[in-house]
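Data first, discussion second: the structure below is written as structure tokens.
Derivation of every value follows stated rules applied to the coordinates shown; laboratory data play no part. The structure displayed is predicted, hence computed values, not measured ones. With ideal geometry, Cβ positions are generated from the backbone for all residues, glycine too; neighbour counts draw on all protein chains shown.
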Amino acid sequence: MDKVVFLDRDGTLNEEVHYLHKPEDLKILPGVPRALRMLREAGFRLVVITNQAGVARGYYTCQDVEKLHRYMNELLEKENAGIDGFYYCPHHPDYGIGIYKKACRCRKPGIGMFEAAEKDFSVDKAHSYMIGDKRLDIEAGRNYGVFSILVGTGYGAELMTETTEKGEKPFYDFYAETLVDAAEYILAAERSGGRE
Ligand SMILES: [Mg+2]
Ligand SMILES: [Zn+2]
């Protein structure tokens, strides 16, 4: 079985750029290669799960998304922090052109991308995690049935503060300021025999 860390892309691995699709606009966030390396060394497979409705909206193509992912992985592999699988949802339920305008199963908080990953990985859900900076990342992870960590990069810190200020029960299982903090939490949880 594979222990998998599912990762949102924008705001989690790289700087949030509106409808990012050009390699020259890609900026990996500080500490991210180190966090990914820590997880890899502990035996986790790393899987990116990303909504890319910019395809549906006609802002860029599937080829652009795939090219960006190859470039991203070139950068990360140089730091021994490569991603094992990239899955993206090109759809949008309300906006879009042709085949991409549809209410799909893959768009987070749906779980279709996790299910697609199951064709390539045998996911051990009890030792797998989702990390993202938005509510829909956490909802997707929880819908799929893995422990879900909100990370403070991207929109995460703002969301955490909002939740705390309203006195709401956290919608996430754990909050980590950075991806390195999330990785440290995961490694500690696994060392102590799992999070249950
Ligand atoms: Mg994000
Ligand atoms: Zn989709």
Neighbour-count order for Lys119, Lys125, fewest beta carbons within 10 angstrom listed first | Lys119, Lys125
Of Gly110, Ala189, Gly152, farthest towards positive along the dipole that unit charges on Lys, Arg, Asp, Glu beta carbons give the chain | Gly110
For Met130, Met113, Met160, what ranking results if the residue with the fewest other Cβ atoms within 10 Å of its Cβ goes first?
-> Met160, Met113, Met130
Any idea how far the Cα center of region 1-24 sits from the one of region 66-115, in Å?
-> 9 Å
Going by how many other beta carbons lie within 10 Å of each one, how would you line up Glu139, Glu77, Glu15, fewest first?
-> Glu77, Glu15, Glu139
Under a GNM of the chain (C-alpha, springs under 10 Å), which listed residue has the highest mean-square fluctuation: Arg37, Arg45, Arg57?
-> Arg57
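Counting pairwise Cα distances across the chain, what percent come out greater than 26 angstrom? List each step's numbers first, then the result.
Values: 5325 of 19110 pairs.
I get 28 percent for the Cα pairs in the chain exceeding 26 Å.
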Calculate how steeply helix 62-77 sits against the longest principal axis of the alpha-carbon atoms of the chain, using the helix alpha-carbon long axis, and give the answer as 0 to 90 degrees to the nearest 10.
-> 30 degrees
